[in-house]
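Only one structure is covered here, and it is reproduced in the block below.
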């Protein structure tokens, strides 16, 4: 792999990771003040929805940027998985004592729906 290709992969990783963090901050700014520090069923439902949306958005960003950078589909998969794992490791939702399985559940939603979108987009591109 040439150094230019490595640079493109690194840029794609940083953009995917940063976009996930920016979208998460936007979500915190809009819905978190309604709940304060209480974790109830509404909060958990919103977090499930939010992390699913984060996975979808970051998968779209990763897929289309990898097409702009002329990278292969497997590279976009690996970049999405690595940036998703890195994002979910330092996301504050995984480190809450009052929601013990939050990290596993939200990471699963993020990665599952993101990979699903990547495969659907790749299949749609091949079938056209």
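The criterion of being loosely packed, with under 15 Cβ neighbours inside 10 Å and at pLDDT below 85 holds for residue 35. What's the total number of residues in the range 57-68 that are surrounded by fewer than 18 Cβ atoms within 10 Å (Cβ to Cβ) and under 14 Å from residue 5 (Cβ atoms)? Going through the range 57-68 one residue at a time, the tally reaches 1. Summed over the range 69-111, residues that are modelled with pLDDT of 85 or more, more than 28 Å from residue 6 (Cβ to Cβ) and more than 10 Å from the chain's Cα centre (by Cα) total 1.
The values are calculated or read from the model by the stated rules, or taken from the named source; none is laboratory data. Keep in mind the model is a prediction, meaning the values are calculated, not measured. FYI the Cβ positions are ideal-geometry reconstructions off the backbone, even for glycines, and counts take in every protein chain you see.
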